[in-house]
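Each value in this text was obtained by applying a stated rule to the coordinates, not by laboratory testing. Everything numeric here is computed off the predicted structure, so don't read it as measured data. Cβ placement follows ideal geometry from the backbone for every residue including glycine, while neighbour counts extend to all protein chains displayed.
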Amino acid sequence: MISKGEEMRALEEEDVAEGKTERFEDEVARHQVMVGIDLGTCRTVVMSDKGDKLLIRSVVGYPKDIISRQMVGEGPLFGAEALEKRNFLDLCFPLAEGVVREASERDYRAARELVRHVVDLVRNGTDVEVCGIIGVPARASVMNKELLLKVAREMMTKTLVVSEPFMVAYALTRLNKCIVIDIGAGTVDICCMKGSVPAPEDQVTTFKGGDYIDERLEAAIARRYPGVQVTKSVACAIKEEHAFVGEPEQPVEVTLRAEGKPARFDVTREIRTVCESIVPDILEQVETLITSFDPEDQEDALKNIILAGGGSRIRGLDRMIADRLQEYGEVQVTCVDNPEYVGAIGALKLAKEVPPAHWAQIGLMFGG
Ligand SMILES: Nc1ncnc2c1ncn2[C@@H]1O[C@H](COP(=O)(O)OP(=O)(O)OP(=O)(O)O)[C@@H](O)[C@H]1O
Ligand SMILES: [Mg+2]
């Protein structure tokens, strides 16, 4: 198949011959949209060089039966709309631990439809070519990265799959002597930046992220208040409003239902314990990664620790990580301003600043 670019180059030659002079690059820019995509377990974020800024929950819903089809149409539905109409739908969260699960055909199909949906939103009814960079968890297996690349190449002319924390570092232009800790729903990705694209040994992924906290909080509340009805999504909502580590600023009381009736319950201790439960793994990984820097760079790297991802909103987490690393000297931990968007911002920045001809040096790519 002739790509739009080749077609345009041929047309340009004709135009030049006829004395028309629009530059090839300008012509390409009009027919191409560059995107940065952060494909997360919890939500998918897309930014484009034409100003699109999309955030949707990473969920796809298929009508359950003929009756549901009458109510919601053939589907599939995506994101918030799928969650809202969940009673009519079979929901699929295709990105387990931030990557497409290898075994299930259903997840693969849903991931493909999700990517198609966001690319269609960016296309907005036009026939522009969409190119861009997709972030995946730092240590996603090569198999999973290839699967994601396969999903993306069906919808995009050129694509590149790179590690998520690298995109965060790129967005902040903190590419040297820095450690990024991205606390997502499915994974915590920790990555050392040493001036260029991080090598596999500079990155670790652990699975104690937001979903892990939700499960533990649900169990902890059920244990303390046996008659109370609590689900994982209730636990998640409580966490998103009240998550903290360290000494509580004030007690946390929430309304829950016990035998159908609402009542107030104190969950301060439970929230603190489950939020603090992700800290030891993070510290262990940082302590291991720090020794991989040259000794003369370690001091700077410790003053340059960045927290990103939705989990970075846990109050007091930055302070606790810095305190627990005290014996290493001065440690500074900062939270990014916009944890939901920063990965996609970095991916778009990378896509715009590095010409596609060089993408293959950065990660797994298709096109060129
Ligand atoms: N205020 C908050 N306090 C604590 N956790 C929060 C808060 N807001 C959001 N989260 C949690 O952050 C997680 C989502 O973060 P993020 O959007 O970075 O994940 P993701 O990129 O979809 O996941 P992953 O990177 O693992 O694929 C969810 O578990 C969510 O509940
Ligand atoms: Mg993420």
Using only helices, what value at 222 nm comes out for the chain when you add -39,500 (n - 2.57) per DSSP H run of length 4 or more and divide by the total residues, to the nearest 500 deg cm²/dmol?
-> -12000 deg cm²/dmol
Could you go through segment 258-270 in sequence order and give the Karplus-derived ³J(HN,Hα) for each residue, using 6.51 cos²θ - 1.76 cosθ + 1.60 with θ = phi - 60°, rounded to whole Hz, and x for Gly and Pro?
-> 10, 6, x, 9, x, 7, 8, 9, 8, 10, 4, 5, 5
Expected vector for segment 306-318, Karplus 3J(HN,Hα) from phi with 6.51, -1.76, 1.60 and θ = phi - 60°, integer Hz, x for Gly and Pro, equals 10, 9, 9, x, x, x, 5, 7, 4, 5, x, 5, 4
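Loop only per DSSP, at most 14 neighbouring Cβ atoms within 10 Å: give me the GluC sites (Glu not before Pro) in segment 316-356, ordered by residue number.
Numbers: sites: Glu327, Glu330, Glu340, Glu353; in loops: Glu330, Glu340.
Passing both the DSSP loop test and the Cβ count: Glu330.
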Quick one: which residues, 5+ away or cross-chain, put their amide H under 5 Å from the amide H of Lys194? H built at 1.01 Å from N.
-> Lys177
Can you grab the distance from the C-alpha centre of segment 153-216 to the C-alpha centre of segment 246-312, Å, no decimals?
-> 18
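Let me check I've understood the local charge: for Asp297, count other residues with C-beta under 15 angstrom from its C-beta, Lys and Arg +1, Asp and Glu -1. What total comes out?
Details: positive: Arg174, Lys177, Lys194, Lys303; negative: Asp202, Asp294, Glu296, Glu299, Asp300, Glu330.
Charge balance in the 15 Å sphere: -2.
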How big is the chain on each of its three principal axes, counting only the C-alpha atoms and giving the largest first in Å?
-> 79, 67, 34
Along segment 230-239, what does the Karplus equation 6.51 cos²θ - 1.76 cosθ + 1.60 (θ = phi - 60°) give for ³J(HN,Hα), rounded to whole Hz, x for Gly and Pro?
-> 9, 10, 5, 6, 5, 4, 5, 5, 4, 4
Under 22 Å from Lys50, Cα to Cα: lysines that are on another chain or at least 8 residues apart | Lys4, Lys158, Lys349, Lys352
Using modelled backbone amide H atoms (1.01 Å from N, in-plane), which distant-in-sequence or interchain residues come within less than 5 Å of Arg43's amide H?
-> Ser58
Can you give the net charge of the other residues whose Cβ lies under 13 Å from the Cβ of Val72, counting K and R as +1 and D and E as -1?
-> -1
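Counting only Cα atoms, I'd like the Rg/Rh figure for segment 210-276, Kirkwood definition for Rh. Present the calculation step by step, with values, prior to reporting the outcome.
Details: Rg = 11.0 Å, Rh = 11.8 Å.
Dividing the radius of gyration by the Kirkwood radius yields 0.93.
Give me the dipole magnitude in Debye, nearest 20, for the chain about the Cα centre, with unit charges on the beta carbon: positive for Lys and Arg, negative for Asp and Glu. Can you show the working numbers first?
On the way: 45 positive and 62 negative charges, 270 e Å.
It works out to roughly 1300 debye.
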